[in-house]
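The values are calculated or read from the model by the stated rules, or taken from the named source; none is laboratory data. No experiment lies behind these values; they were computed from the predicted model shown. Cβ placement follows ideal geometry from the backbone for every residue including glycine, while neighbour counts extend to all protein chains displayed.
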Amino acid sequence: MRTALLTTAIAAALVVTQVSAQGMDDRSGPRGPMASFAELNADGDGNLTLDEMSAAGAARFAMADTDGDGGLSVAELTAQAEEGMLQRMADRVASMLDRRDSNGDGLLQPDEMMGRGPGPERMFDRLDADDDGVVTQAEFDSMQARMQDRRADRGEGGERGDHGERGDHGQHGHHGNHHGPRDRG
C-alpha cells in the first residue's frame, strides 16, 4: 500500500512540476520549473525525507486539482500549463526590458527596441534588389522565398503546410505513428 501511495505521489509531483510555475523563480529544467531544496524541506532541518518529497508532490497535485475530485482533468492541466507559460513569458519580457531600457524609465522606446540587429534601412536595402528606392511585390516575394529556402536548409522548416496536419508529428514525434510496444497495428 505504501509503495502504491508513494508511486502515485511521485508521479503526481512530476506531472504537476511539468505544468506549474506558481511560486517558483527561474529554476527551469528541461521539463519545467524545479522546486528548491528549501521548498521541499518542509521541516527546515536541512535533510530531505521521502515523506517530505511525497507531501510536496501531493500538495502541488492538490493545488492543480481545483475541483477537488482527486484527478486532473484536461481543463485543470491546461490551466496549470497556461499559468506556467504566462509566467515564463512575463519573466522573459521583464528580462528584455531590463536589458534594453537604456534610459531607465521602465519603458521601451523605438530606438531601444531596434538596438540589436539590422535596422529598417538595412532590411530595405536587402529587399530593394534593383536599388531604385522602392520595393515591389515581386522583390518582397523573392526575399520571402529566399528566407524560406534558408530556413529549410537549416532544418527550420518552411510554411506550416510543409509540416503536415496539426498534431501530426510524424514517425519520430510525440504523436502519430508509434513503433513501440504500445503499437498494436
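Brief remarks follow.
- Of residues in segment 97-150 being part of a loop (DSSP other than H, G, I, E, B) and of a type in the set (Ser, Thr, Tyr), the one surrounded by the most Cβ atoms within 10 Å (Cβ to Cβ): 136
- The residue pairs whose first member lies in segment 135-153 and is closer than 16 Å to residue 124 by Cβ and assigned by TED's automatic domain parsing to the domain that holds residue 122, whose second member is part of a helix (DSSP H, G or I) and basic (Lys, Arg), and whose beta carbons are closer than 7 Å, counting only pairs six or more residues apart or on different chains, are 143/126.
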